[in-house]
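To keep things clear, I will list the structure first and then write my remarks on it.
The values are calculated or read from the model by the stated rules, or taken from the named source; none is laboratory data. Predicted model, so just to flag it, every value in this text is computed and none were measured. Here the Cβ positions follow ideal geometry from the backbone for every residue, glycine too, while neighbour counts run over all protein chains shown. Side chains are part of the model used for accessible areas, which takes the heavy atoms of the whole protein and leaves out ligands, DNA and RNA. Shrake-Rupley method; radii C 1.70, N 1.55, O 1.52, S 1.80 Å.
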Amino acid sequence: MAPKLPDSVEGLRAAGNESFRSGQYAEASALYGRALRLLQTRGPSDPEEESILYSNRAACHLKDGNCTDCIKDCTSALALVPFSMKPLLRRASAFEALERYPLAYVDYKTVLQIDSSVMSALEGVNRMTRALMDSFGSEWRLKLPAIPVVPVSAQKRWNSLPSENHKETATGKSKETAATKNKVPSAGDVERARALKEEGNELVKKGNHKRAIEKYSESLLFSNLESATYSNRALCHLVLKQYKEAVKDCTAALKLDGKNVKAFYRRAQAYKALKDYKSSLADISSLLQIEPRNGPAHKLQQEVNQNLK
């Protein structure tokens with residue numbers, strides 16, 4: 001006799017999650033479908049819950065190679081809760097599998113607007129860029145649909161979610177980051193990294209710091225051995241008032257080159273903005289030991305000392 005199915009949306013969703021974890025993707029998909037139908041019969045539904053169920057069922061379709069239905073369910077999930085991370089990433093993967101590279105590129109880039117550190121999206125953008133260049137040449141950007149602008153409210157919603165909601169993406173990020181760190185770049189990787197860094201530098205000159213961050217991040221996927229790439233990205237974070245990210249990048253730069261004056265100066269600026277004046281002064285002191293006549297550093301030192309009075 002078959003076990004009795006749960007009679008609540010929550011119970012069906014939990015059962016679906018269990019089946020998914022066990023690798024029973026068709027069964028999980030059916031359970032999420034039952035939960036959706038039950039939820040929709042109640043009348044005005046909870047859009048968050050309905051979006052999650054569509055996204056979960058999309059994950060089952062993706063595992064089973066049913067990319068078309070995955071895209072449909074992700075699109076339904078995003079119609080209910082726009083700019084949700086998981087359905088965007090799942091739809092991007094499905095588009096990529098179907099070789100619909102412009103649409104995959106747009107979804108990966110949208111994720112990076114929400115969280116610029118999601119490595120799976122960074123690597124996806126990098127793969128799609130290569131595929132689009134192979135298909136369309138230097139004018140590949142002209143073939144892209146419009147990339148939506150993610151409102152600040154959507155970014156704040158993601159950042160305010162409990163830590164368990166970040167688990168899937170964070171796990172992917174940590175694994176991919178570890179893989180990148182352990183990878184020894186080839187000569188081709190180093191050359192590609194430098195080319196992407198130069199693209200980032202040109203974007204900085206044009207004042208497009210958000211896109212420059214993406215270029216520097218792509219560069220670091222190919223080779224993370226150049227201190228200047230980190231310190232350049234730190235400059236962009238400073239301009240965008242992302243001070244903690246600037247500190248992290250300067251620290252990474254200094255691990256590679258302990259005499260990177262720009263990294264010391266930019267980290268001192270970031271610490272000043274974060275009101276960590278002692279750390280700021282320590283960095284200025286380290287900088288002045290390398291370049292005793294650095295005018296901007298002396299000026300920053302005076303400003304920080306004034307804040308300590």
Exercise. Tell me, what ³J(HN,Hα) does each residue in region 21-29 have, in order and in whole Hz, if you take phi through Karplus 6.51 cos²θ - 1.76 cosθ + 1.60 with θ = phi - 60° and put x for Gly and Pro?
Worked result: 4, 7, x, 8, 6, 5, 5, 4, 4
Exercise. About its Cα centre, what dipole magnitude does region 187-308 give when the only charges are +1 on Lys and Arg Cβ and -1 on Asp and Glu Cβ, stated in debye to the nearest 20?
Worked result: 400 debye
Exercise. How much length is gained if the chain between Ser285 and Ala273 is pulled fully straight, taking 0.36 nm per residue apart and subtracting their Cα-Cα distance, in nm to one decimal?
Worked result: 2.6 nm
Problem set entry | For region 197-274: accessible area per residue (Å², 1.4 Å) | 46 Å²
Exercise. At what distance in nm do the modelled label points of His298 and Met133 sit from each other, each positioned 7 Å from its Cα along Cα→Cβ?
Worked result: 4.5 nm
Problem set entry | Helical contribution to [θ] at 222 nm, DSSP H n ≥ 4, -39,500 (n - 2.57), averaged over the chain, rounded to 500 | -24500 deg cm²/dmol
Exercise. Looking at (1) 19.9, 67; (2) 23.2, 84; (3) 19.5, 58, which value of Rg and Dmax of the Cα atoms in Å comes from a calculation on the structure shown?
Worked result: (2)
Exercise. What's the angle, to the nearest 10 degrees (0 to 90), between helix 295-308's Cα axis and the longest principal axis of the chain?
Worked result: 70 degrees
Exercise. Nearest 10 degrees, 0 to 90: what angle lies between the long axis of helix 101-114 and the longest principal axis of the chain (Cα atoms)?
Worked result: 60 degrees
Seminar exercise, completed: Checking Asn224, Asn232, Asn294 against a Gaussian network model of the chain (alpha-carbon springs below 10 Å), the top fluctuating residue turns out to be Asn294
Exercise. Taking a threshold of 25 Å on the Cα-Cα distance, which of the pairs Lys215/Lys244; Lys206/Lys255; Lys241/Lys278 fall above it?
Worked result: Lys206/Lys255
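Per residue, how large is the accessible surface of region 81-141? Use a 1.4 angstrom probe and give square angstrom.
On a per-residue basis, 38 Å².
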Exercise. Using a simple charge model, +1 on the beta-carbon of Lys and Arg, -1 on the beta-carbon of Asp and Glu, nothing else, what dipole does the chain show about its Cα centre, in debye to the nearest 20?
Worked result: 1000 debye
Exercise. For region 9-146, how many pairs of lysine residues have a Cα-Cα distance under 18 Å, where the two are 8 or more positions apart or belong to different chains?
Worked result: 5
Exercise. Given springs between every Cα pair under 10 Å in a Gaussian network model of the chain, which of Ile284, Ile71, Ile114 has the largest fluctuation?
Worked result: Ile284
Exercise. Between Glu202 and Lys259, what FRET efficiency comes out of the Förster formula 1/(1 + (r/R0)^6) with R0 = 41 Å and r the beta carbon distance, rounded to 0.05?
Worked result: 0.95
Exercise. Can you give the angle from 0 to 90° between the axis of helix 119-136 and the longest principal axis of the chain, with both taken from C-alpha atoms, to the nearest 10?
Worked result: 90 degrees
